[in-house]
Amino acid sequence: MRAFRVTGSFADPRKEQLFSIEMAADDEAAVREKTLSTIGSRHKMKRWQIKIDRIEEIPADQVESHLVKYQIGARG
């Protein structure tokens with residue numbers, strides 16, 4: 001597994017809400033699917049309401065999420 005950082009926004013009823021989330025997955029397609037599923041579930045959004053601006057792979061030493069570190073097998 002590799003670590004990715006996803007940035008984007010979704011249409012909250014009052015304003016546009018920005019997000020940045022770290023995830024572990026095998027490729028960008030899996031990260032995109034996981035992001036849409038997670039944000040949609042947490043915030044009751046439809047997939048078309050979620051806009052992903054950037055998906056970037058990040059090295060293990062730059063990962064901040066403890067869960068993602070564990071999933072990719074990083075130490076520290």
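The numbers here are math on the coordinates, done by the rules we state, and not lab data. Everything quoted here is computed from the prediction, not taken from an experiment.
For this structure, a couple of remarks:
- Relative contact order computed over the chain (Cα-Cα under 8 Å; 6+ residues apart), in percent: 40
- Computed from the Cα positions only, the extents of the chain along the three principal axes stand at 40, 20, 19 Å, in decreasing order.
- Partners of Lys15 within straight-line reach, counting lysines whose Cα lies under 19 Å from its Cα and excluding those fewer than 8 residues away in the same chain: Lys44, Lys46, Lys51.
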